[in-house]
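To start, the structure itself, in structure tokens.
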Amino acid sequence: MTETGRQSAPEEDPTAAVAQQEQLPPDERTTIAEYARGWWQGVRAGDLGSLPIVVGLLLITVIFTYLNERFLSSINFVNLITQTSPLAIIAIGIVFVLVIAEVDLSVGYLSGVSAVLLARFLGEEQWPWFAAVLAVLAVGAFVGFVQGWLVAKIGLPSLIVTLGGLVGLNGLVLIFIGGRGTIVVQNDVIIDISNRYLPNVLSYVVVVVCAVLFAAYQLLRRQRRLKARLTPTPTVIIAIRVAALLAIGLAAVTFAARSRGIPVVGLLLLILLVVFTMVLQRTSFGRHVYAVGGNPEAARRAGINVDRVRIACFMISGTMASLGGIVLASRLRSVDTGAGGGQIELNAIAAAVIGGTSLFGGRGRISAALLGALVIMGVDNGMGLLGLSSGAKFVVTAVVLLAAVLVDSVARRGRTRSGMA
Amino acid sequence: MVSGERLSTAVTEGTEAPLLELRGVSKRFGAVQALAGVDLTLHRNEVVALVGDNGAGKSTLIKGVAGIHPFDEGEIWFEGERVQINGPADSAALGIEVVYQDLALADNLDAVQNMYLGREVKSSLGFLDEERMERAAGDTMRDLAVTTLGSVRQRVAALSGGQRQSVAVAKAVMWNSKVVILDEPTAALGVAQTRQVLDLVKRLGDQGLGVIVITHNLHDVFEVADRVAVLRLGQMVATFPADGTTQQEIVEAITAGELKEIPGMTTDKRAETA
């Protein structure tokens, strides 16, 4: 884009002018040095990206390993994946709702209801597993639809609607459990989700295939940019990204292989990550979600059906809550009257926020929600190894959440000042 | 009492049919007659400044053309043919685009994403064709000679007021629009940014579009307008060619232009100045 030149118009705010002059936007960086400099300037200006999460995860690992060296063991790593997956799945759904500047407090007990229904369909009704799973997912989508409709068409505040959902679904958990007390899940396929592990060879193959596909995708995009006469991503940068992905993936699989290997649910998470990232970043629906979150009036005037986008986001949140419930039932192998409890919804929102999703809408990424879930469950796991009481765990989790929001707040002030909010 | 002069449009422009012509349009909101018998003509390659005091009916007139509050009476002619504008889709289909005062941009998206909002281009697989959109957006900015934007991939929140206005105008112009209406485009801008936007408006006129600019700022009027249309209390009281009038004359028309009918009073016939 060198033809347009980059003159700076006299700005009212000199710091903004300086920030704009110094920082090359992503599509004009052509060397590693420029990328690195651009990234560092972004950080100084407040655009931290995934930096807080990564730093946070490192801190957590260091602190908890110091306190109990079992934290950084293969067996704990594998356990962590299984423990994190229900929360991560629910957090993925919540990202959609948060991006449109709404909230869904019902996801916790919706996952509970889903788990109970699944257990009953499989046990008492003897349905095949795919029928039970589909039915439960449909329930989640339906609950999401009802809540989304109330928010979008009637105009009720989502906080109140989903709070009502939370209470009502809690009641439904108790009603559906009835006098049974505990319902055991015995279906092998369902149990396998959380308790079966991929053969290590398969895990390695998956990592390599992912790296290859990722590289192919990046190169394809680069080709298209060249064809459109735009500045392409340098091949060096692509190589670094692919290498990093490969390294992290192989390291994770190798580490897990020393214990039981990657659980099946890990593969499920990977698939969900890829699919939903594509939906949010590469489809017009995803674009509309960001627009409705950023400026609903602008979206409306652009011809976007804002109501339909809102309802769709709540349906996604509901469906993912149900899926999270299925995975949780798989892990616990039973459901009881406490299903859906334990502040899952607050943890899911916290995970998304820690990962960088704004509560005010317009910002959020799927990968960040996964990392945020890892932070929350990592802290929980670490404290469990230390034998801390429930009370202590709650307090620590609260501190972590506040720290994350504080970092994001300070960063946002920096971003506003340099015009990147 | 000062009377404004109404010039025949045949004198100011050539013999080509006007791009947009409003004949005797009226709009009433309950007991309030917001517009009464307004005539307005717009030609290709022409910038018309629509001026008037608060409450004169400028926004109502624009919203009628845009289809948001369709007119109660009167005729709309577009490129020599009678048309009906009953909703925003009708005006968009004709090629009429409006840049509202609040710009309607999403701050969390970049310029390309805003310009293509609601009209995203997809590749054969159904995913967004980012490269094509970025190329086209960059070309549009280049064609409009917007040099101060730098990258079309900057978040709109990071742009200055003038740059945001440029993005909003580019968004309106990208879609084979024939008529572009701007509502107070420089109201919130500083001196340098106002300059940017006015240059852009002039260029739009040069490129064959018809432009209507609503403004309070008489300095802007003399910068860009070919003609000035003055509304007062819902009536078109005067039309001047920009280089044939003075600020004084326009102000007098805005504040005391002669009305065909006084709201709330039945009048005997006043002599119409032809």
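Rule-based calculations on the coordinates, nothing more; no lab input. Everything quoted here is computed from the prediction, not taken from an experiment. Note that each Cβ is placed from the backbone with ideal geometry, even for glycine, and that neighbours are counted across all protein chains shown.
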(message) Give me the inter-chain shielding for B:94-107: mean count of other chain Cβ atoms within 10 Å, whole number please.
(response) 3
(request) Count neighbours as other Cβ atoms within 10 Å of each site's Cβ, and list the trypsin sites (Lys or Arg not before Pro) in the stretch B:72-143 that are DSSP loop with at most 14 such neighbours. (result) B:R119
(request) Could you work out the mean count of beta carbons from other protein chains within 10 Å of each residue's beta carbon in A:275-285? (result) 3
(message) Given a 10 angstrom Cα cut-off, can you work out which residue in A:G355, A:G261, A:G391 is the most mobile in a GNM of chain A?
(response) A:G391
(request) Report the charge-dipole magnitude of chain A in Debye, nearest 20, computed about the Cα centre from +1 at each Lys and Arg Cβ and -1 at each Asp and Glu Cβ. (result) 800
(request) Note the angle between two axes, namely the Cα long axis of helix A:264-282 and the longest principal axis of the Cα atoms of chain A, as a number of degrees from 0 to 90, rounded to the nearest 10. (result) 40
(message) Taking the 0 to 90 degree range and rounding to the nearest ten, how far is the long axis of helix B:247-256 tilted relative to the main principal axis of chain B, both from C-alpha atoms?
(response) 70
(message) Just to be sure I follow the definition: excluding the sites themselves, where is the longest run in chain A that has none of the GluC sites (Glu not before Pro) in a DSSP loop with at most 14 other Cβ atoms within 10 Å?
(response) A:126-421
(request) Run down the lysines and flag those whose C-alpha is under 27 Å from the C-alpha of B:K178, throwing out any fewer than 8 positions away in its chain. (result) B:K27, B:K58, B:K63, B:K122, B:K202
(request) Choose one of A:V209, A:V113, B:T246: the residue whose Cα lies farthest towards the positive end of the charge dipole of the protein assembly as shown (beta-carbon charges +1 Lys, Arg; -1 Asp, Glu; about the Cα centre). (result) A:V209
(request) Please determine, in degrees from 0 to 90 and to the nearest 10, the orientation of helix A:306-332 with respect to the longest principal axis defined by the Cα atoms of chain A, where the helix direction is its Cα long axis. (result) 50
(message) With just the Cα atoms defining each centre, how far is the stretch B:213-235 from the stretch B:132-190? Give it in Å.
(response) 22
(request) Sort out for me the Cα centre separation of the stretch A:138-199 from the stretch A:234-252, rounded to whole Å. (result) 38
(request) Could you size up the charge dipole of the stretch B:31-256 around its Cα centre, putting +1 on the beta carbon of Lys and Arg and -1 on that of Asp and Glu, and report it in debye to the nearest 20? (result) 460
